[in-house]
Amino acid sequence: MNNLDGVIDLHVHVGPSVAERIEDALEMYYEAEEAGYKAFIIKDHYSPSMNVATIIEEHLRKGETRVFGCLCLNNSVGGINLNAVDVACNMGAKIIFMPTVSAKNHIDLHKNKVFVGSGKLSVPEKPIYYLDENDNLKPEVIELLEYLSDEQPDVILGTGHGTAYEIDKLISKASKLNIKKILV
């Protein structure tokens, strides 16, 4: 018995990606299968990962390890974009992450530093802060949470790279809407 039997990794960064990665999704799948993983979720900050996961699942998977995708609500997918979320969920996304590399907090923390997960991009990130001037969640965030609660209760809400204050407000509202699966 392998000591990783049954592991489910919710956060695996692999290629293809605009960010440099040490291996691609298929290589990760083979390693995970050999190690005894039950499943892993491919996470990319810049593009949805369900397509790659689906190809592995439907055409290349030979063992027990499952492969799933997610969506990070960064600028590259339109930020907090309910249409992108709806497509992702209907393509099998297991997690919807609030902004990560586009989060204002992330951008502020990495100013004048190299972020290892940054991609080869020529357009700078526009900071996303999802509270309004009164410190309330913006309407598009509430709409997103209502959608997850009403339409996709099995999809996990990932809090992303926002500030603790933003995340507290997000979790509070998500809890009020009966969202049970939250990854901090």
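For mean projected area of the Cα convex hull in nm², pick the label among [x] 12.0; [y] 15.2; [z] 11.2 that corresponds to the value derived from the coordinates.
Structure-derived value, by its label: [z].
Can you list residues from other chains, or at least 5 along the same chain, whose modelled amide H is less than 5 Å from the amide H of residue 160?
98
Work out which trypsin sites (Lys or Arg not before Pro) in the chain are exposed loop sites (DSSP not H, G, I, E or B, at most 16 other Cβ within 10 Å) and give the longest gap free of them.
Looking at the chain, 121-179 is the longest stretch - no exposed trypsin sites (Lys or Arg not before Pro) with at most 16 other Cβ atoms within 10 Å.
Where in the range 94-180 are there GluC sites (Glu not before Pro) that are in a DSSP coil and have at most 15 other Cβ atoms within 10 angstrom of their Cβ? The partial results should precede the final answer.
On the way: sites: 125, 133, 140, 143, 146, 151, 166; in loops: 125, 133.
Filter output for the range 94-180: 133.
Taking the Cα centre of the chain as the origin, how large is its charge dipole in debye, to the nearest 20, when only Lys and Arg (+1) and Asp and Glu (-1) carry charge on their Cβ atoms?
Roughly 320 debye, rounded to the nearest 20.
Suppose each label sits 7 Å from its Cα in the direction of the beta carbon; what would the residue 142-residue 62 distance come out to in nanometres?
It is 5.3 nm.
Net charge near residue 41: determine it from the other residues with C-beta under 13 Å of the C-beta of residue 41, scoring Lys and Arg +1 and Asp and Glu -1. Each step should come with its number before you reach the end.
Values: positive: 38, 43, 66, 94, 181; negative: 9, 44, 57.
Counting the neighbours of residue 41, the net charge comes to +2.
Set the Förster radius R0 to 22 Å, insert the Cβ-Cβ distance between residue 8 and residue 175 as r into 1/(1 + (r/R0)^6), and round the FRET efficiency to 0.05.
Plugging the Cβ-Cβ distance into 1/(1 + (r/R0)^6) gives 0.40.
Could you run the Karplus curve 6.51 cos²θ - 1.76 cosθ + 1.60 with θ = phi - 60° over the range 19-33 and give me ³J(HN,Hα) per residue in whole Hz, x for Gly and Pro?
Per-residue couplings from phi come out as 8, 5, 10, 7, 8, 9, 4, 5, 4, 4, 4, 4, 5, 5, 4 Hz.
For the range 11-64, state which GluC sites (Glu not before Pro) are in a DSSP loop and have at most 14 other beta carbons lying within 10 Å of their beta carbon.
20, 23, 64
Of 43/169; 120/169; 138/176; 38/120; 126/169; 43/173, which ones are farther than 27 Å apart at the Cα?
Distance filter (> 27 Å) returns 120/169; 38/120.
A short reminder: the numbers here are calculations on the coordinates, not readings from a lab. Values in this document were obtained by computation on a predicted structure and should not be read as measured data. For neighbour counting, all protein chains shown are included, and Cβ atoms are generated from backbone atoms with ideal geometry for every residue, glycine included.
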